[in-house]
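These notes are about the structure you will find just below.
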Amino acid sequence: MSYTRWHESGHYIFGGEDYVDFDGTPIDDDAVDVFLYKLYEVRGGADDEFWQRYAHGGRVIDNFLKGYRIQRITKHFDHLDERAAVIAALAGEIWREHYTSIIGEAQAEYMLERFQSVDQIVKDIRKNGYIYFTAADRKNDELLGYCGVVPQDGFLLLSKLYVHKDARGRGIARAFLAEAAALCRMEYGFGKIRLTVNKGNDGAVATYHKMGFETVDSVNTDIGGGFFMDDYVMELAVTDTEEL
């Protein structure tokens, strides 16, 4: 199996549903976590050149210390349909808890069905170029949050970023943004990340500003069904993400 296929299937040493050695032999994920943490200690912590050079390893250790694991989901991911079902279930819980008061129950349900259903998530990943990142609790593998990104003309669109209310404040949103920034720079060669956020979502707008995003435009988009999304367009230069 090539490294790329090995990496994109979710079977790689720095995170995944299953850990395997290069020959395909399964490795216990707790053993991998212990190995990474011991290596982190031996190398002298996050300031060591090893972690600065191999930033992904540093991010994994940082997330490990906070009690969660970030996983990359691409079209090659094993058991994609099953994972999409878990993501869709979390989307429903988050949207009904948070967005109903902002856009109303009818629009929230419409958007869940159109943009966050199992079928649509799978289609976006397999056919539309999306990459998802998920955050799961290290102890019980419970899904804590997810984000979805897709390359556009000259920038990476941060299409979705959601964290369960009980998991907020643990740095998960920043961890997602760090993964998106690395993808933006290293794989697509873009210099900026863009997103849209509902103008009434004051908490999210404030959070994105705190992360370094700037409001660059506003749009009122017809999404069908008689509904519109009245959003701010926000942008982040990826060079601004070094301290995330």
Environment charge of ASP124, counting only residues whose C-beta is closer than 10 Å and scoring Lys/Arg +1, Asp/Glu -1: +4
task: Counting other beta carbons within 10 Å of each Cβ, put SER101, SER117 in order, fewest first.
output: SER101, SER117
- line: The exposure ranking of HIS98, HIS79, fewest beta-carbon neighbours within 10 Å first, is HIS79, HIS98
- prompt: Are there trypsin sites (Lys or Arg not before Pro) in the range 140-244 that DSSP marks as loop and that have at most 16 other Cβ atoms within 10 Å, and which are they?
  reply: ARG168, LYS199
query: For ALA108, what is the net charge nearby, where nearby means another residue's Cβ is under 13 Å from its Cβ and Lys, Arg count +1, Asp, Glu -1?
result: -3
field: For LYS160, residues with placed amide H under 5 Å, excluding near neighbours
entry: GLY148
message: My understanding is that a pair violates if its Cα-Cα distance is over 25 Å; which of LYS66/LYS123; LYS139/LYS165; LYS139/LYS199; LYS127/LYS199 do that in this structure?
response: LYS66/LYS123; LYS139/LYS199; LYS127/LYS199
- prompt: Once fully extended, how much extra length lies between THR239 and LYS192, figured as 0.36 nm per residue of separation less the alpha-carbon to alpha-carbon distance?
  reply: 16.1 nm
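Laboratory data are not the source of any read-out in this text; all were calculated from the coordinates shown. Keep in mind it's a predicted model, so treat the numbers as computed, not measured. We place every Cβ from the backbone using ideal geometry, glycine too, and count neighbours over all the protein chains shown.
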